[in-house]
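Colleague: Okay, here's the structure, questions in a sec.
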Amino acid sequence: MARTGKSFAVSMITVCQLMALALWFSATAVLPQLRAEFDISTLQSSLFTSSVLLGFVLGTVISAALGLADRIEPRRFWAASAMIAATANILILTVPVDGVVVILLRLMTGVCMAGIYPVGMKMVATWSRGDTGFLVGLLVGALTMGSAMPHLFSVAVPLDWRWVIVIASVSAYIASVAILFVHLGGTPGKSPRFDPKMVGKIWANKPLRHACYGYFGHMWELYAMWGWIGLFLYGAYSDRMIDNPGIWSALSTFAIVGVGAFGSLAGGYYADRIGRTTVTITAMVISGACAMVAGAFGDAPFVILLVICIIWGISVVADSAQFSSCVIELADPHQVGTALTLQNAIGFMIALVSIHLVPIVAENFGWWGAFAMLAIGPVLGTVAMLRLRMMPEAILLAGGKK
C-alpha cells in the first residue's frame, strides 16, 4: 500500500532515483580496472560512457514521441525501466568487455534511463507547492549522487569491478520495487509531446535559442568531466607512487562528483531568488576556470589539486537544472515538450563528442590540454547567457529576477 505524505514521498522518489541512476556510471567507475585487466582501447573506454548518453537521447525522443509517460502509470513505467536497465547492466558480466555486445548493453541502459530520470521528475512535480526550483534541484542532485555512487561501490567492496556492476544492478532492482509504494501528490499532468513541425518555430525564438546555447556549452563540459576525472586522478596517484591508487582515485572521484549534488541544490535555491542567468553565468565562469587549470595542477601538492577538482565538481552541475527552467519559462506553453526534448537531444549529442575527444587530446597534449578544451563550453555558454540576460524577454525568467 502506498504511503502518503509529501516528505516521505519526495524522499522515497529521490532515494529511488539515486539508487537506479547508479547504473549510469557503474561501468565508467571501473574503467581503470578494466583497462588494466583487459587492455581495452581508448575508443572502447569512451563508448562505456557515451553509449549510455546516446541511449538516453534515443529513449527520450521515443518516449516523448509516443507519449509513453502518459500512457503508462508513472510508477510502473519507472519500475519497469529500472528493472530492464538493471538487467542490461548485470549482463555485462556474461559478455567480453572489449566487444560490441557490452556497448549495446550500455546503450540499452541509457534507453531505460529515459523512463527513470524524466519520469522521476514528473512524479516529484506532483508534490510541488511553490517550491519547484528546489524539487528540480533535488532530482538533479540525485542524478549527480547516483553518478558518483559506483565510485564508492568500488571501494566499499573488494576491488573487483564485477562486484561494482552487481551492486549497482541490485540497487536498481530494489528501487524498482520500492517506487511502487510511493504515493503521488496528485494526478501527473500530461507530458507535452515532441512535434518535429515545431522545431523551426522554436529555433526562431531568439531568447529560447540562447538558453539552449548556454545548455550546449554546459553539456560540452559536464559528462566529459564526470567520465574522465577518475582516470586522470588514477594517473595522478600512480605518478606519486601512492599505494592502492585505485582506492584513492575512486574515493576522490566519489567526493568530486558527489559534492555536485549540493551544488545542484544550491543552484536551484538561489536561481529562484537571485535569477537564472546570474546562477548559470556564475557557475560556468567558475567551472570554466577550473577546467583551464585542473590538468596543469596534476603534479601540484595533492591537497591543492583536490580542492580545485572539488570546486569544479560543485560548479559544473550547479547550473544544470536552470537551463531547462529557462526553456519552460521562455517557450510557448504548447512548445515546451518539443523544446525540452530538442534541448536535451542536442545537448547529449554534444556531450558524446567531447567525451570521445578528451582521451585523444590527452594522449597528444596531456590532461591540461584535454580539460582546457572542455573550458570552451562554459566560455561560449557564458556569452550566450549574458546575451540572454540583456534581452527584454529575460524578464520572464524566475519571476523577473533574470
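Colleague: What is the distance, in nm, between label points placed 7 Å from the Cα along the Cα-to-Cβ direction at residue 247 and at residue 365?
Modeller: Using points 7 Å along Cα→Cβ, the separation is 3.7 nm.
Colleague: Within the range 299-318, list the residues whose amide N lies under 20 Å from a label point set 7 Å along Cα→Cβ of residue 266.
Modeller: Of the residues in the range 299-318, 303-318 have backbone N under 20 Å from the label point off residue 266.
Colleague: Pop out the ³J(HN,Hα) list for the range 246-253 in order, Karplus 6.51 cos²θ - 1.76 cosθ + 1.60 with θ = phi - 60°, rounded to Hz; leave Gly and Pro as x.
Modeller: The phi angles translate into x, 5, 5, 5, 5, 5, 5, 5 Hz.
Colleague: Can you list residues whose amide H is under 5 Å from residue 259's amide H, if they're 5+ apart or on another chain and H is modeled 1.01 Å from N?
Modeller: Amide H neighbours of residue 259, under 5 Å, 5+ apart: none.
Colleague: Place the peptides 290-298, 311-319 in order of packing, highest mean first, counting for every residue the other Cβ atoms within 10 Å and averaging per peptide.
Modeller: 311-319, 290-298
Colleague: Now for a different question. Output ³J(HN,Hα) for the range 216-230: one whole-Hz value per residue in order, computed from phi by the Karplus curve 6.51 cos²θ - 1.76 cosθ + 1.60 with θ = phi - 60°, and x for Gly and Pro.
Modeller: Result, rounded to whole Hz: 4, x, 4, 6, 4, 8, 4, 6, 5, 5, 4, x, 10, 4, x.
Colleague: A further question follows. How big is the C-alpha Rg of the range 79-156 next to the rule-of-thumb value 2.2 N^0.38 Å, as a ratio?
Modeller: In units of the globular-protein estimate, the range 79-156 measures up at 1.33.
Colleague: Which number comes out as Rg/Rh for the range 195-397 once both Rg and the Kirkwood Rh are worked out on C-alpha atoms?
Modeller: Checking Rg against Rh, the ratio lands at 1.02.
Colleague: Apply the Karplus parameterisation 6.51 cos²θ - 1.76 cosθ + 1.60, with θ equal to phi minus 60°, to every residue of the range 283-296 and state each ³J(HN,Hα) to the nearest whole Hz, in sequence, with x for glycine and proline.
Modeller: 5, 6, 4, 5, 5, x, 5, 5, 4, 5, 10, 4, x, 5
Colleague: How big is the Kirkwood radius of the chain, worked out from every pair of different alpha carbons and given in Å to one decimal?
Modeller: About 21.0 Å for the chain.
Colleague: Which percent of Cα pairs goes in each bin when the distances of the range 1-191 are cut into 5 angstrom slices starting at zero?
Modeller: 1, 9, 17, 21, 19, 14, 9, 6, 3, 1, 0
Colleague: Under 22 Å Cα to Cα from residue 197, which lysines show up? Leave out anything in the same chain fewer than 8 places away.
Modeller: Reachable lysines: 206.
Colleague: What FRET efficiency comes out for the pair residue 203/residue 76, r = Cβ-Cβ distance, R0 = 30 Å, nearest 0.05?
Modeller: According to the calculation, E is roughly 0.25.
Colleague: Now a separate question. Mean separation of Cα pairs under 8 Å and 6+ residues apart, divided by the residue count of the chain: what relative contact order is that in percent?
Modeller: 24
Colleague: If we count every other residue with Cβ under 14 angstrom of residue 81's Cβ, Lys/Arg +1 and Asp/Glu -1, where does the sum land?
Modeller: Taking every Cβ under 14 Å from that of residue 81, the sum is +3.
Values quoted throughout were computed directly from the atomic coordinates according to the rules given, and no laboratory measurement underlies them. What you see is a predicted model, and the numbers here were worked out from it, not measured in a lab. Note: ideal-geometry Cβ built from the backbone for every residue, glycine included; neighbour counts use all protein chains shown.
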